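Working notes, beginning with the structure itself.
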Amino acid sequence: MKRIIKITTFADRLLFLILISASVTGIFYSREAVSQSSGVVIEVNGRPEFTFPLHTDRTVSVSGPCGNMLVEIRDGKVRVKEAHCPNQLCVKEGWISKGVIVCLPNKVVVFVGGGHDHGKDTDAVSG
Amino acid sequence: MRSQDKYRIAVLAAYALALSGFESLLPTPIPWLRLGLANIITLVALMLYGFGTALNVTLIRVILASLFTGTFLGPAFILSFGGGILSTAAMGLTHRMFRNLFGPVGLSLVGAFFHNIAQLSLAYFLFIQRIEAILIISPVILFIGTLTGVANGIISDLLMKNILKNDHGEIQNISQA
């Protein structure tokens with residue numbers, strides 16, 4: 001140990017400390033950032049039915065009062081691929097990476113982002 | 001280029017190749033974890049014989065190692081080629097600009113850091129294209145790289161002192177001993 005200290009300069013040690021602290025901070029920060037964000041919650045009839053990570057591609061079939069609809073998750077984005085409601089507004093909304101897709105006739109709501117506190121900011125229209 | 005330089009480059013490249021071959025035999029807990037032992041030779045070449053020798057040694061090592069393992073021009077080759085060039089360039093620049101500031105350990109840390117940066121960016125732009133995956137793995141790789149960088153720096157220092165003590169800077173005598 002003494003020898004290691006002898007052969008390193010002050011700049012060597014400073015660089016080592018910077019790299020170690022930056023990478024350790026990065027490890028914790030990236031874990032947290034990933035676990036908090038990028039979740040997809042699909043609610044049917046006001047109850048959360050599914051929760052998926054946004055970074056895993058998949059297609060989910062959700063059944064509501066008007067029948068099945070397909071929700072597709074791909075490349076960090078979500079869309080309603082197919083629905084049997086009359087006006088197809090949810091399908092026309094296309095891909096989103098943040099926010100909400102609402103299908104009123106089918107009583108299906110697709111949330112993207114943050115995660116768990118969506119109940120708090122529900123307003124009169126979507127509630 | 002003098003014939004002595006060529007000879008020196010050949011010997012150093014052979015050492016680097018042997019080390020990288022040895023390293024690939026070692027079992028590692030994570031498959032992509034590399035100790036970067038060959039960087040010891042690059043670093044010693046840089047500090048004793050200058051940037052040109054170090055770059056030559058790195059190029060020969062990367063290309064020949066990929067030919068031996070059959071990965072020439074494949075993804076693994078592109079990654080180690082980019083990493084080797086950028087880390088050697090970064091170490092050379094640091095050595096030239098801050099000659100008295102950084103010792104072998106600091107240079108080795110610079111090399112390890114830029115090696116990983118090059119590999120991560122190449123992996124992102126060419127192969128993975130998934131920024132979350134890169135962001136999650138980056139700090140882990142940089143952390144491990146810092147640890148192996150320190151170890152390689154210490155070994156480089158020992159090796160360099162040995163060469164200077166025994167052979168007055170002439171690596172050619174090592175092979176004759």
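One table, with the values for the structure above:
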read-out	value
Whole-Hz couplings from phi, Karplus 6.51/-1.76/1.60, listed for the range A:64-80; x for Gly and Pro	x, x, 8, x, 6, 9, 9, 10, 10, 10, 8, 6, x, 10, 10, 8, 8
Relative exposure of A:Cys85, A:Cys66, judged by other C-beta atoms within 10 Å (fewest first)	A:Cys66, A:Cys85
Cα shape, the range B:48-98, gyration tensor, a/c 1.5 rule	oblate
Point-to-point label distance, B:Tyr7-B:Ala133, nm (Cα→Cβ direction, 7 Å offset)	4.9 nm
Extreme residue, positive dipole direction of the protein assembly as shown, given options B:Ile85, A:Val102, A:Gly76 (C-beta unit charges)	B:Ile85
Options B:Pro27, B:Leu120, A:Val112, ranked by Cα towards positive dipole end of the protein assembly as shown, top entry (Cβ charges)	B:Pro27
Simple Cβ-charge dipole of the protein assembly as shown, Lys/Arg +1 and Asp/Glu -1, about Cα centre, in debye nearest 20	820 debye
Anisotropy class of the protein assembly as shown from Cα gyration tensor, a/c 1.5 cut	prolate
Among B:Val11, B:Val110, B:Val140: highest mean-square fluctuation, GNM of chain B, C-alpha pairs under 10 Å	B:Val140
Chain B shape via C-alpha gyration tensor axes, a/c threshold 1.5	prolate
FRET E, pair A:Ser63, A:Lys98, Förster distance 41 Å, beta-carbon r, rounded to 0.05	0.95
Electrostatic dipole magnitude of the range A:37-121 [Cβ: Lys, Arg +1; Asp, Glu -1; Cα centre; debye, to 20]	80 debye
Computed magnitude of the charge dipole of the range A:1-86 (debye, nearest 20; Cβ of K, R +1, Cβ of D, E -1)	660 debye
Residues in the range B:96-124 that a label on A:Thr9 would reach, taking backbone N under 17 Å of a point 7 Å out along Cα→Cβ	B:96-112
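The numbers here are math on the coordinates, done by the rules we state, and not lab data. Note that the structure is a prediction, hence the values are computed from the model and not measured. Glycine also receives a Cβ, built like all others from the backbone with ideal geometry; neighbour counts cover every protein chain displayed.
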